[in-house]
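Chemist: One structure is given below, represented as structure tokens, and several questions about it will come after.
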Number of protein chains: 4
Amino acid sequence: MTTAKLPPILVVTTGGTIDKQYFDALSEYQIAESMIEKLLETARVAHPFRIVELMRKDSLELTDEDRTLIAATIANAPERHVVLTHGTDTMTETARALADIEGKTVVLCGALAPARFAESDAAFNLGMAFATCQSAGPGVWITMSGSVFDGLKVRKDRAAGKFLPL
Amino acid sequence: MTTAKLPPILVVTTGGTIDKQYFDALSEYQIAESMIEKLLETARVAHPFRIVELMRKDSLELTDEDRTLIAATIANAPERHVVLTHGTDTMTETARALADIEGKTVVLCGALAPARFAESDAAFNLGMAFATCQSAGPGVWITMSGSVFDGLKVRKDRAAGKFLPL
Amino acid sequence: MTTAKLPPILVVTTGGTIDKQYFDALSEYQIAESMIEKLLETARVAHPFRIVELMRKDSLELTDEDRTLIAATIANAPERHVVLTHGTDTMTETARALADIEGKTVVLCGALAPARFAESDAAFNLGMAFATCQSAGPGVWITMSGSVFDGLKVRKDRAAGKFLPL
Amino acid sequence: MTTAKLPPILVVTTGGTIDKQYFDALSEYQIAESMIEKLLETARVAHPFRIVELMRKDSLELTDEDRTLIAATIANAPERHVVLTHGTDTMTETARALADIEGKTVVLCGALAPARFAESDAAFNLGMAFATCQSAGPGVWITMSGSVFDGLKVRKDRAAGKFLPL
């Protein structure tokens, strides 16, 4: 058996802190080229996957139209296993917008510190999402703060900097 | 609901490349203080866990007695969710030695590059193991190369530097 | 001879991009606890030094009073070898404000990417400053973009992201 | 004035810990493709330089012939400012072999931890060497442990992991 037999994973990126870069000429941070492909390369991932860089937004700026587009992209894709990278502030709202997708395991993750930082939760969280979309049943999940959460039963405690079960 | 309601995870470390450090005074690399706690801190893990640093060995040096000790440590622990960090060369052999443990989800992982490297698969693989021990059923699993493998149906291709399904 | 015979170095920190941290709860970057001590520890510096964390400002916010304070701190210190970490946008303006200090070698440096990034110019630039304050004569110097510049004959090309000789 | 007016720097690499990589298939570390170009890119060096990757050796394996080749390479190069990356164990021996080169500023540096580590002294030491070859007079210098040493008046204390003045 070869890796061709492993179920392919769709990775959809939407922006968020995980992809923030610092632009000295502007003295500010903005979402830049996605770091997801680099993280998967560093992790030496041999599992088949496909990346769709759908948008580059802070999750506080995501609109209903954006969420409709995200849901349609996932629903119409051939892959049954999906990872969605996303800003953390409205991650649970997007999870609810994906609740009606049937027959697919969709896992949302992001990071509290940009992947470009030497010390970031990005690689760990992405690893959790990659594993959960393979080992959990159909539905929407969130992998943050070291836990696999039901995507409809979790909240972010912004002051504490972590996700907690509802 | 608080994190106290989340199922606690036992993390057992045994050494391997993931924990290798460079010692200039010896001009050689050796397994050193485990990096697992540092990796979980960087990942901002809020999920309850307990680390047992059981041994510091290259996996090629592990004996049958070592594997018996690993199995007993896991079988007798109160936690039902277990992550085992391990050198990659004999990881599948240890997986077989744990196959008879009942009612527990045990996930083995390691790294092809030391966690102390700037570019290592350590954090991603550990994230996969943390997620799999929460979302997969009882049994023995291996999370390497981006895949969640049945621990009894996987092999390492040493020359290619990756794990493949049997 | 021991390290006690090496000339002690004063390191004054004022903030700037080099010390920027990301604060998820605010969704913004701010200057935080200085990374200079961590950088010197990672560099295994055995040379005697003393750090004075004087202010935490973006260099665009520095006032004439701030520059007077910086100059007085350096002029009155017992050390003859001084490194000054500083935001890059007004680094040359501060260099001019230090031009009248006599008998001391003062070297300004900063970074275009925060020291907390995995890929930053911070350690290299700080290393250049540490060396220049030991090997160059009295005066004001700037070590950025791989060059040792006369502090009065250099400008920052903000769009190009580098320092150039005047 | 442009960067074309800055004095060009020759960087000669010879191997050493700074360039060590981990090879999982061999379970050992070996000197690999030099990291020096990557370090200079990360440091955003705009100063003109040229890299000659002369050899890939642990400095304990360097022979008299190797040192003759290093000296000839430097003596015959058009650049007057030279950085030499080198293993630390016999760095002072090579410094003595270069003492007769006239009219050039030659700076040796290396690292106690490989440049591929997240926490390494490589970038800082290389920055020190880059600055010293511009700001110090002709002769042979060593930049390690945060100090600019006269290359003929320094020793490595291997157990302590640092360089000290003689």
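The values are calculated or read from the model by the stated rules, or taken from the named source; none is laboratory data. Since the model is a prediction, treat every value here as computed from it, not as a measurement. Cβ placement follows ideal geometry from the backbone for every residue including glycine, while neighbour counts extend to all protein chains displayed. SASA here: full protein model, heavy atoms, side chains in, ligands and nucleic acids out. Shrake-Rupley method; radii C 1.70, N 1.55, O 1.52, S 1.80 Å.
Chemist: Only protein chains counted, 1.4 angstrom probe. Which residues of region B:133-161 are at least 30 Å² less accessible in the assembly than when their chain is isolated?
Modeler: Correct list: B:Q134, B:S135, B:S145, B:G146, B:S147, B:V148, B:R158.
Chemist: How shielded is A:27-36 by partner chains, expressed as the average number of their Cβ atoms within 10 Å of its Cβ atoms?
Modeler: Average neighbour count from other chains, rounded to a whole number: 2.
Chemist: What pairs from B:K57/B:K162; C:K20/C:K162; A:K104/B:K5; B:K5/B:K57; A:K38/D:K162 go past 24 Å between their alpha carbons?
Modeler: A:K104/B:K5; B:K5/B:K57; A:K38/D:K162
Chemist: Under a 5 Å amide H to amide H cut-off, with H placed in plane at 1.01 Å, what residues pair with C:F49 once short-range neighbours are removed?
Modeler: C:I9
Chemist: What is the distance, in nm, between label points placed 7 Å from the Cα along the Cα-to-Cβ direction at A:A99 and at A:M55?
Modeler: It is 2.0 nm.
Chemist: Separate question: Just to be sure I follow: if Rg is taken over the C-alpha atoms of region D:1-97 and Rh is the Kirkwood radius over the same atoms, what is Rg/Rh?
Modeler: 1.02
Chemist: Determine the distance separating the Cα centre of region D:83-126 from the Cα centre of region B:82-102; give it in Å without decimals.
Modeler: That distance is 43 Å.
Chemist: So what is the relative contact order for chain B, in percent, with contacts set as C-alpha pairs under 8 Å and at least six apart?
Modeler: In percent, rounded to a whole number, it is 23.
Chemist: How big is the antiparallel share of DSSP beta bridges in region C:1-138, given as a percent to the nearest 5?
Modeler: Once the DSSP bridges in region C:1-138 are tallied, antiparallel ones form about 20 percent.
Chemist: Skip the ligands, DNA and RNA, and give the accessible area per residue of region D:9-157 with a 1.4 Å probe, whole Å².
Modeler: 35
Chemist: For chain B, set up a Gaussian network in which alpha carbons nearer than 10 Å are linked by springs, and say which option among B:L126, B:L108, B:L152 fluctuates the most.
Modeler: In this elastic network of chain B, the residue with the biggest mean-square fluctuation among B:L126, B:L108, B:L152 is B:L152.
Chemist: Specify the inter-centroid distance of region A:129-143 and region D:11-40, based on alpha-carbon positions, in whole Å.
Modeler: Their Cα centres are 38 Å away from one another.
Chemist: Once the Cα gyration tensor of the protein assembly as shown is diagonalised, what are the square roots of 5 times its eigenvalues, in whole Å and ordered largest first, as equivalent ellipsoid semi-axes?
Modeler: Over the Cα atoms of the protein assembly as shown, the semi-axes work out to 46, 31, 21 Å.
Chemist: Evaluated at 10 °C with a viscosity of 1.306 mPa s, what Stokes-Einstein diffusion coefficient in µm²/s does region C:9-157 have when Rh comes from the Kirkwood expression over alpha-carbon pairs?
Modeler: It comes out at roughly 105 µm²/s.
Chemist: Measuring from a point 7 Å out along Cα→Cβ, what nm distances, shortest first, does B:A159 have to its partners in the other copies?
Modeler: Here the equivalent label points are 4.7, 5.4, 6.0 nm apart from this one.
Chemist: How large is ³J(HN,Hα), in whole Hz, for each residue of region B:106-112 in order, when computed from phi with the Karplus curve 6.51 cos²θ - 1.76 cosθ + 1.60 and θ = phi - 60°, using x for Gly and Pro?
Modeler: Working through the residues one at a time gives 10, 10, 9, 8, x, 8, 8 Hz.
Chemist: Can you give the Kirkwood hydrodynamic radius for region D:66-138, in Å, rounded to one decimal and based on Cα pairs?
Modeler: 12.8
Chemist: 7 Å along Cα→Cβ for the label point: how many nanometres lie between D:P8 and each equivalent label in the other copies, listed shortest first?
Modeler: 4.4, 4.9, 6.6
Chemist: Please state, as a whole number in µm²/s, the translational diffusion coefficient that the Stokes-Einstein equation yields for region C:106-166 at 37 °C and 0.692 mPa s, with Rh defined as the Kirkwood radius across alpha carbon pairs.
Modeler: 278
Chemist: Of D:F49, D:F23, D:F130, which is the most mobile in a GNM of chain D whose springs link Cα atoms less than 10 angstrom apart?
Modeler: Between D:F49, D:F23, D:F130, it is D:F23 that shows the largest mean-square fluctuation.
Chemist: Right, something else. Which of C:K57, C:K20, C:K38 moves the most in a Gaussian network model of chain C with Cα springs under 10 Å?
Modeler: Of C:K57, C:K20, C:K38, the most mobile in the Gaussian network model is C:K38.
Chemist: If you don't mind, there's one more thing I want to ask. Rounded to the nearest percent, how much of the accessible area of chain D (1.4 Å probe, protein heavy atoms only) is carbon and sulfur?
Modeler: 49
Chemist: For B:L69, which inter-copy label distances result when the label point lies 7 Å beyond Cα on the Cα-to-Cβ vector, reported in nm to one decimal and in ascending order?
Modeler: Copy-to-copy label distances at B:L69, shortest first: 4.7, 5.7, 5.7 nm.
Chemist: Per-residue HN-Hα couplings for region D:60-74, Karplus 6.51 cos²θ - 1.76 cosθ + 1.60 at θ = phi - 60°, whole Hz, x for Gly and Pro?
Modeler: With coefficients 6.51, -1.76 and 1.60, one gets 5, 9, 5, 9, 4, 4, 4, 5, 5, 5, 4, 4, 5, 4, 6 Hz.
Chemist: Now, a different point. To confirm my reading of the symmetry, which residue of chain D has the Cβ nearest the axis that brings D onto A, and what whole-Å distance does it have?
Modeler: For the rotation taking chain D to chain A, the closest Cβ gives D:A118, 3.
Chemist: Where does chain D land at 222 nm, in deg cm²/dmol rounded to the nearest 500, when only DSSP H runs of n ≥ 4 count, each adding -39500 (n - 2.57), divided by all residues?
Modeler: That calculation yields -7500 deg cm²/dmol at 222 nm.
Chemist: Apply the Karplus parameterisation 6.51 cos²θ - 1.76 cosθ + 1.60, with θ equal to phi minus 60°, to every residue of region A:85-102 and state each ³J(HN,Hα) to the nearest whole Hz, in sequence, with x for glycine and proline.
Modeler: Running phi through 6.51 cos²θ - 1.76 cosθ + 1.60 with θ = phi - 60° gives 8, 7, x, 7, 5, 10, 4, 5, 5, 5, 4, 5, 5, 9, 5, 8, 5, 9 Hz.
Chemist: Kindly compute the accessible surface that chains D and C hide from a 1.4 Å probe when together, both sides summed, and give it to the nearest 100 Å².
Modeler: For D against C, buried area totals roughly 3000 Å².
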